[in-house]
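Beneath this line is the structure, given in C-alpha cells, with notes to follow.
The numbers here are math on the coordinates, done by the rules we state, and not lab data. Remember, it's a predicted structure, so these values are computed and weren't measured experimentally. When we count neighbours, we look across all protein chains shown, and the Cβ atoms used for this are built from the backbone with ideal geometry, even at glycine.
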Amino acid sequence: MNILVLGAGQLARMMSLAGAPLNINIISYDVGSEKLMHPLTLHIVDQSLPEAIAECDAITAEFEHIPDDVLTLCSSSGKFYPGKQAIKAGGDRSIEKALLDKTGVPCAPYQLITERAHLETAIENLGLPLVIKTCQAGYDGKGQWRIKVDSNVDQIWSEMSAFLAAGSADAPHSIIAEQMIPFRREVSVIGARDKSGNMAIYPVTENEHTNGVLTLSVARAVSTDIHRQAVDAFSKLASEMDYVGVLAIEFFDVDGKLMVNEIAPRVHNSGHWTQQGTLCSQFENHLRAVAGLPLGTTEAIGPSAMINVLGQSVIPSDVLMVSNVTSHWYGKTQRPGRKMGHINVVAESEEALGEKLIALSAFLPEDDYPGVAQRGRDLTQD
C-alpha cells in the first residue's frame, strides 16, 4: 500500500518507520519545494503531485499549514484523511474556536480580532491580562503576545495590525484574544478514529513547555475524571469532523476542569512516547486508520516520558546507559530551538521513571533540557 503524506519532516519520517512492518510505503510531498521525496532517504521522486495522488491508496498530512489549492486537490481525490475541514481547523484558530463552540467542548473565553475596536472590546469584556494569538501561522509559541497592562496596548497593536495587514482577500488574517487562564498544568490526549467510527485513545499525558515549545511529556496515571473529560472532548470533536486518523488535543487543567488550548489534526509531539511506551504507537495507529486497517492497542506498557532535543548537534550517547531509554534523531540541519530529536523512557512504576529521569539528567544539562531532573524528583516523591 502507498500513502502520500503532505509534509516531509520528522513526523512523516516516523510514519515511514512505522509503516514498513505493515507493508505501507510512505512518499512525502514537501510543500515548500513542491517536490516529492522519500521521508527517510530524502531521495527525490520524479513525479508530479497529481500523478502521486492518482497512484497512492490514501493521503494524509503531518502538519496543518498547507496551501488551500493543495488541500482542495487532495480532497477531490476522495483519498484524503483526516480531510480538509480537520486540517483547516488545526491551522486556523478562528475555525478551531467555532468547532469547539459547536461541540460544546470548553475553551478559554475569547474575542476574534480583525480591527482595533475588537481589541478594546476584548480588554473590556475579558479583562487583563490577555493572551493574543494569531489565528493563522502560529506554531510553537510564535505569533503570540501578552497584554498585562493598558500601557503596552499601543505597542502590541502595532505588531498585531502588521499581521492583519499581511492577509489578503483570498486568505485574510485574524487574531484571537483569550482570557489568561490560571491553569495548574498542561495535558494532552491523543487518539485514533477509523473509517467506521471506532476509537482508540491513549493515556492522558502531562506536558511541560519552555518559551512556548514542548520540552517534556510524561504519561502516567491521572484521575478518572480527568481521563473522562479528555475522552469526552476527543469523542465529540472527532465525531463532529468524521475524523479518520490520529487527533491530538491540548488542554489546560484548571482545578480539575479541562479547557482546550488547541487541537492538532495529526500525530503529535506529546505522543512520541507511544513509540516505546505502547505496543502500537501513534504513528502506526494513524496509518492503520488511514489505510482502513483495525486499530491497535493504546494501553501503556508502563509510565513513560518523552524528552525533546532542541537545537542540539547530537543526542549524548551516554543516555543509552540508562535502561529502557531510546533515542530518536531526525537528521535535520541544526538550528537554535529546532526540534532535532527526542528521547523516550519507559519504566515499571512512576518511582522508577523518576529515577531514570534523574539518571538521565546527569547527561542532559538543565539549560538544554529544562525540567528533566525536577520532574524526576517529583515522581520519586509522589
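Relative contact order, percent, of the chain when contacts are C-alpha pairs under 8 Å separated by at least 6 residues?
13
Run the Debye formula on the Cα coordinates of the chain, all scatterers equal and no solvent, and tell me log10 I(q)/I(0) at q = 0.14 1/Å.
Those come out to -1.31, one per q.
Over region 48-188, what is the mean sequence separation of C-alpha contacts under 8 Å (at least six apart), divided by residue count, expressed as relative contact order in percent?
24
Kirkwood-based Rg over Rh for region 285-338 (C-alpha set), two decimals?
Ratio value, two decimals: 1.09.
Would you mind working out the magnitude of the charge dipole of the chain relative to its Cα centre, with +1 at each Lys and Arg C-beta and -1 at each Asp and Glu C-beta, to the nearest 20 Debye?
Once rounded to the nearest 20, the dipole reads 280 debye.
From the alpha carbon gyration tensor of region 250-382, can you work out the equivalent ellipsoid semi-axes (sqrt of 5 times each eigenvalue) and give them in Å, largest to smallest?
24, 20, 17
For Gln374, what is the net charge nearby, where nearby means another residue's Cβ is under 10 Å from its Cβ and Lys, Arg count +1, Asp, Glu -1?
Result for the neighbourhood of Gln374: -1.
Hand me the GluC sites (Glu not before Pro) from region 317-382 located in a DSSP loop with no more than 12 other Cβ atoms within 10 Å, in residue order please.
Answer in residue order: Glu348, Glu366.
Using the Cα atoms as the points, what is the convex hull volume per residue of region 2-80 in Å³?
Given the Cα convex hull of region 2-80, per-residue volume reads 81 Å³.
Which whole-number percentage describes the relative contact order of region 121-242, with Cα contacts under 8 Å and a sequence gap of 6 or more?
The normalised contact order for region 121-242 reaches 21 percent.
Assign unit charges at the C-beta atoms only (+1 for Lys and Arg, -1 for Asp and Glu), then state the dipole size of region 185-381 relative to its Cα centre in Debye, rounded to the nearest 20.
Around 600 debye, computed over region 185-381.
What net charge do the residues around Ile3 carry, taking every other residue with its C-beta under 10 Å from that of Ile3, with Lys and Arg at +1 and Asp and Glu at -1?
That works out to 0.
What's the Kirkwood radius of region 109-179 in Å, using all Cα pairs?
Over region 109-179, the inverse of the mean reciprocal pair distance is 12.1 Å.
Sort region 109-241 into rounded, prolate or oblate with this rule: let a ≥ b ≥ c be the square roots of the eigenvalues of the Cα gyration tensor; rounded if a/c is under 1.5, and if a/c is not under 1.5, prolate when a/b is larger than b/c, oblate otherwise.
The shape class here is prolate.
Where nothing but the Cβ of Lys and Arg (+1) and of Asp and Glu (-1) is charged, how large is the charge dipole of region 2-80 around its Cα centre, in debye to the nearest 20?
Around 260 debye, computed over region 2-80.
Take the Cα radius of gyration of region 1-133 and divide it by 2.2 N^0.38 Å, with N its residue count; two decimals is plenty.
Region 1-133 yields a ratio of 1.34.
How big is the gap, in Å, between the Cα center of region 289-332 and the Cα center of region 73-106?
Between the Cα centres of region 289-332 and region 73-106 lies a distance of 28 Å.
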